[in-house]
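The values are calculated or read from the model by the stated rules, or taken from the named source; none is laboratory data. Keep in mind that this is a model prediction, so the values were computed, not measured. For neighbour counting, all protein chains shown are included, and Cβ atoms are generated from backbone atoms with ideal geometry for every residue, glycine included.
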Amino acid sequence: MRELFFYDAMCAAGMPLHGGNVAATPEALLAEMDYYGIDRALVRHVNLDAAGAVLSNRVLADFLRSDSSGRLRGVWCILPEQCDELPGPDEFFRDMKQNRIGAITLSPFAHRWIPCRETIGKIMDAAAERHIPVLLDAFTGKWNELYNFVRMFPRNITFAMDRSKHGPDRLLRPLLENFENFHYVISCHWVPEGIRDLAERYGAHRLLYGSDYPFFSHGSMMLPLKQSALPEADIARIAGGNLNQLLEEAQL
Amino acid sequence: MSIWEEHPLARAFWNNGSAGIPIYDMHGHMGTLNTIYFARAEAAAMVAHLKRIGVKHLTFSHHYALFEPSFRNSRVHEICREFPDILRMYVAINPHYPDHIREDLAQFDAWAPFAVGLKLLPDYHATPACDPKYEYALAFAEERRLPVLCHTWGHSQNNGFPQLMKIVVKYPHITFFIAHCLFGDWEGAARLVHESPGNVYLELTAVPGERDVLENLTAAVGSERLIFGTDLPWFDEYQAVGGVLSAKITENDMRNIFYANVERILGKEW
């Protein structure tokens, strides 16, 4: 087991607005990760949609400060630049580094704004320059919006996922084919031997292990990756190597 | 240590790809479908996938037999004959073609040992599971004590709790496999088990991997009432098996789900 290093690209923790069985502390999340053999995780705040970017970014920073393991990195949420709710890109990225934040996300549909160049062009361009990954979890199931967004920001390193269980190849493959910085998190890619198919066609470097905790179990996609019949080096990249490299390359 | 190192079944699947146990996948399909791309929807590719992980039998209803009335169950029987060691079939029941139902069920015995039971798809056929259009098929299954795999979904108007409750009580000698466990209506699923005359099993397609659901179902009805399924070619066998192994239930529960319950219902050789 320990020959594989798993880095969870899609994971949320904290206290959900409506309650539920979610890791509310780093200790609880790490215990869950240890149960399945997950080494590291990129963590979003589970209550990001309801609490908003300003508050949830602060709460997530506090969450990470109480983690002494060093195995967790955070994801901060951005907002339209015109309302000055968050600092400009340079200061924002500096704060990210100081708070162990490795990537950004956005939640335009819950936070009532339009995801486009006019609203977030400056920070997205700055993120592209600095190779800072952008999680597109808010676009899950919104394929039209996802296509538009990736077309608008093709230089950004983006991570997206599906949650439908309904094999998404017809929707997903055109994005992998046309946008080289687009990455797919396999958390709900339940397609038979589908990980191997995607890796052989688009390259293992385009795929990332992610649990989509707390929606799914951390263990759900570990066995199909391990038994994907891909070369061991490709499995290792998808399990954690790709994400680790992308985060190391980010210039915060 | 993680589950993949500590638990014997999980360790075997992790290290070897199979664990030397039979797996009965009691919910499969075959063939292309309108809304989804399948890379492996034909028998040979599916069988190769099944054999990697050690599935002993896949019992399936062909998509074409469910969605294209001109494609008859006799053709599914021919497919099973090409892979006699592993494929078993449900006779697909389309309630809008009563003549087809009668003709196909008249051949049921001739399709032994491949034909195991019947498959109902009420939502997709826009006909409630308790509709009289199913009576002939269900009476046939009742008389022969056959399994019937019925598609279900929580709060559906065609195959939700009320419709299923009517037929599981009306046909006590049918073994009902409740496909997808009334997904989302977990309380209804438990009620079906507890309020039926002992003839209900919850079939797990789309459940393994969901956090806490399998644990809660096991606590609510007991693992003796759960059976394994994947919807193959929809879902990967390793995902579904991995989802069961990832649940915080006992190894005995997992063995019940993978094979022991089905062997209690159908025997070891079928």
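Which one is nearest to A:Phe63 (Cα to Cα), of the residues in the range A:1-12 that are within 13 Å of chain B (Cβ to nearest Cβ) and not in a loop (DSSP other than H, G, I, E, B)?
A:Ala12
Restricting attention to the range B:39-91, which residues are closer than 24 Å to B:Val262 by Cα and among the charged types (D, E, K, R)?
Correct list: B:Lys51, B:Arg52, B:Lys56, B:Arg81, B:Glu82, B:Asp85, B:Arg88.
Run A:Tyr209 past the list (1) surrounded by fewer than 21 Cβ atoms within 10 Å (Cβ to Cβ); (2) touching a Phe, Trp or Tyr at 6+ places or on another chain (Cβ under 9 Å); (3) modelled with pLDDT of 95 or more and report the number of the one that doesn't hold.
Going through (1) surrounded by fewer than 21 Cβ atoms within 10 Å (Cβ to Cβ); (2) touching a Phe, Trp or Tyr at 6+ places or on another chain (Cβ under 9 Å); (3) modelled with pLDDT of 95 or more one by one, A:Tyr209 breaks only (1).
With within 19 Å of A:Ala24 (Cβ to Cβ), basic (Lys, Arg) and more than 17 Å from the chain's Cα centre (by Cα) as the only criterion, which of A:Arg65, A:Arg71, A:Arg100 stands out?
Unique residue meeting the criteria: A:Arg65.
Pick from the range B:12-24 the residues that are over 22 Å from A:Arg196 (Cα atoms) and of a type outside the set (Gly, Ala, Ser): which of them is nearest to the other protein chains (Cβ to nearest Cβ)?
Across the range B:12-24, the extreme among qualifying residues is B:Ile23.
Sort out which residues of the range A:13-40 are in contact with a His (Cβ under 7 Å, 6 or more places away or on another chain) and more than 12 Å from chain B (Cβ to nearest Cβ), and write them in order of number. Break it down into steps so the answer makes sense when it comes.
Taking the range A:13-40 first, the residues in contact with a His (Cβ under 7 Å, 6 or more places away or on another chain) are A:14, A:32-33, A:36, A:38.
A:Gly14, the sole residue that qualifies.
Given the criterion of a type in the set (Lys, Arg) and either within 28 Å of A:Pro192 (Cβ to Cβ) or surrounded by 23 or more Cβ atoms within 10 Å (Cβ to Cβ) (or both), identify the matching residue among B:Lys268, B:Lys170, B:Lys166.
Matching residue, one of B:Lys268, B:Lys170, B:Lys166: B:Lys268.
From the list A:Ser220, A:Ser228, exactly one residue is at pLDDT below 95 and facing chain B (nearest Cβ under 9 Å). Which is it?
A:Ser220
Restricted to the range B:227-252, and to residues that are surrounded by fewer than 24 Cβ atoms within 10 Å (Cβ to Cβ) and under 16 Å from the mean Cα position of the chain (by Cα), which residue is nearest to the other protein chains (Cβ to nearest Cβ)?
Ranking the qualifying residues of the range B:227-252, first place goes to B:Trp234.
I want to confirm something. Restricting to the range A:184-217 and keeping residues that are part of a loop (DSSP other than H, G, I, E, B) and charged (D, E, K, R), which single residue is nearest to the other protein chains (Cβ to nearest Cβ)? Walk me through it before giving the result.
First pass over the range A:184-217, keeping only residues part of a loop (DSSP other than H, G, I, E, B): A:189-193, A:203, A:209-212, A:214-215, A:217.
Now narrow it down to the ones that are charged (D, E, K, R): A:193, A:212.
Values: A:Glu193: 6, A:Asp212: 10 Å.
Restricting to residues being part of a loop (DSSP other than H, G, I, E, B) and charged (D, E, K, R), the top hit is A:Glu193.
Select, from A:Asp62, A:Asp90, the only residue that is in a helix (DSSP H, G or I), free of Cβ contacts under 8 Å to residues at least 24 places away in the same chain and surrounded by fewer than 20 Cβ atoms within 10 Å (Cβ to Cβ).
After ruling out the rest, the residue left standing is A:Asp62.
Confirm whether A:Val185 is hydrophobic (A, V, I, L, M, F, W, C) and touching a residue at least 40 places away in the same chain (Cβ under 8 Å).
When the stated conditions are applied, A:Val185 passes them.
Select from the range B:115-129 the residues that are buried (at least 20 other Cβ atoms within 10 Å of the Cβ) and in a loop (DSSP other than H, G, I, E, B) and list them in ascending order.
Within the range B:115-129, B:Leu121, B:Pro122, B:His125, B:Thr127, B:Pro128, B:Ala129 meet the criteria.
Filter the range B:33-55 down to the residues that are touching a helix residue (DSSP H, G or I) at 6+ places or on another chain (Cβ under 7 Å) and closer than 25 Å to B:Leu66 by Cα, then identify the one that is farthest from the other protein chains (Cβ to nearest Cβ).
Taking the candidates together, the pick is B:Ala43.
Got a number for residues in the range A:143-168 being away from chain B (no Cβ under 14 Å) and either surrounded by 15 or more Cβ atoms within 10 Å (Cβ to Cβ) or not charged (D, E, K, R) (or both)?
Count: 15.
Limited to the range B:25-63, what total is found for residues that are of a type in the set (Ser, Thr, Tyr) and either under 17 Å from the mean Cα position of the chain (by Cα) or at pLDDT below 95 (or both)?
Result for the range B:25-63: 2.
Which number in (1) within 14 Å of chain A (Cβ to nearest Cβ); (2) surrounded by fewer than 23 Cβ atoms within 10 Å (Cβ to Cβ) marks the one condition that B:Pro197 misses?
Exception for B:Pro197: condition (1).
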